[in-house]
Amino acid sequence: MSSRRLMVAAGAMMTLLASATLSSTAVAADSTYRIFLHGFLSDGIDSYTASDSTKPQFVQTTKGTGSGDWAVVPSPNGKFMYAPGGDKKLRVYSIGADGRLTALPQATGTLSDMPVDMAFSPDGKYGYVTVGLLNSKVEVFAFQPDGTPVPVDAPKSLGSATLAMPTVSPDGRNLYVTNYGAKQVMRYALRGDGTIGGLQETESTTDLGAIFATFTPDGRHLYVANEMGADVAAFNVAADGSLTPVPGSPFKAGNLPHAMVPSHDGKYLYVPNTGSNSISAYAIQDDGVLKELPGSPFAGGPDGTAPEMAVLSPSGKVLWDADSVPADGFGLPTVALHKFDVRPDGSLVRDDSATVKTDKVFADGRGTSLIP
């Protein structure tokens, strides 16, 4: 979400105007799951079925999302997919057992500004959509049984925050919002009805470009990618949700670190480096310190690959990374999916036999998801 992202966002808006978490329980490695891919500058979501031992099999492309969508995210129960679009609509799709998406036009919500990201409360009752490239706000929705989003409060102003991205604590009591331009993460209390209370604290991430705040599964540690600082800020989280910087934070990563993922047991953290064609892998120490694994960073893909977002299979034995790769011939980068086997020591081994290339354009934002 650097100047690169601002330029892309501006271009996307011009185009639009011109065209009018998983459980840590053991899961069999051969279990089938569903993967969904979207490109920021493309219309549609590609659906795949996959397992740890098989190459993803294409199911369908669901059109109608429009372009300029940074976030395409499933509900925690895996029943619905939400696509907050650059045209200020919050589109809803039902998710079939075979990975097929069915549009639910009657459930479409409305946003007040261009969306940046979306997060859910752990129980899936509420959703939080950050909107506005500048002077960002958070819009809060409750969800009806058919997936329809219903606004539950007026948009919450985040002051002068830019390109804000939300995440909810595993206990559902606090909302954390990164502030890209001010190198900050802000904490807000959440009320029982899903509405956002007052600002509780603001912590510095030290370096510019704070994005993708990510909790360990137990909620004890919070990590934030500093896109422009090429590092990861680390915080310990108290019982009340308050943050304390981890000694030694921020920890070195590659260029343009992006959407990271912790292992299901909370022992490791994987950070795709968009600008370095690599994935940094760390052992998470009990005090929150990140200790880079031997062999890290691991090569992301062939020359020109830009790793963007990592997701782990239900077993935790395979990491899938969505990347931008050079287009064949001329044109904008397209989205590809690369497979990495996860060794018992947390290290990664790339398996190029399972690579999937798509016609989706430009991997950026929370555009990749995996559902058991």
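For the reader, a short list of remarks on this structure follows.
- Residue 299 surrounded by fewer than 21 Cβ atoms within 10 Å (Cβ to Cβ) and at pLDDT 95 or above: yes
- Residue count, the stretch 58-71 (criterion: among the β-branched types (Val, Ile, Thr) and in contact with a Lys or Arg (Cβ under 7 Å, 6 or more places away or on another chain)): 2
- Screening the stretch 233-252 for residues that are assigned to a loop (DSSP other than H, G, I, E, B) and open to solvent by 10 Å² or more (accessible area, probe 1.4 Å) and picking the one that is nearest to residue 210 (Cα to Cα) gives 250.
- Residue in the stretch 174-188 that is surrounded by 16 or more Cβ atoms within 10 Å (Cβ to Cβ) and farther than 30 Å from residue 221 by Cα present: no
- Residues that are of a type in the set (Lys, Arg) and open to solvent by less than 20 Å² (accessible area, probe 1.4 Å) within the stretch 201-227 are absent altogether.
- Beta carbons closer than 7 Å, at least 6 apart along the sequence or on distinct chains, pair a first residue in the stretch 217-239 that is within 18 Å of residue 285 (Cα to Cα) and among the hydroxyl-bearing types (Ser, Thr, Tyr) with a second that is at pLDDT 95 or above and not in a strand (DSSP E or B) for 223/260.
- Filtered residues of the stretch 102-150 (kept if within 18 Å of the chain's Cα centre (by Cα), more than 21 Å from residue 174 (Cβ to Cβ) and not in a strand (DSSP E or B)): 114, 132, 133
The values are calculated or read from the model by the stated rules, or taken from the named source; none is laboratory data. Note that the coordinates shown come from a computational prediction; the quantities given were computed from them, not determined experimentally. Cβ sites come from the backbone with ideal geometry, for glycine too, and all protein chains shown count toward neighbours. Areas reflect the complete protein model, heavy atoms only, side chains present, ligands, DNA and RNA absent. Shrake-Rupley method; radii C 1.70, N 1.55, O 1.52, S 1.80 Å.
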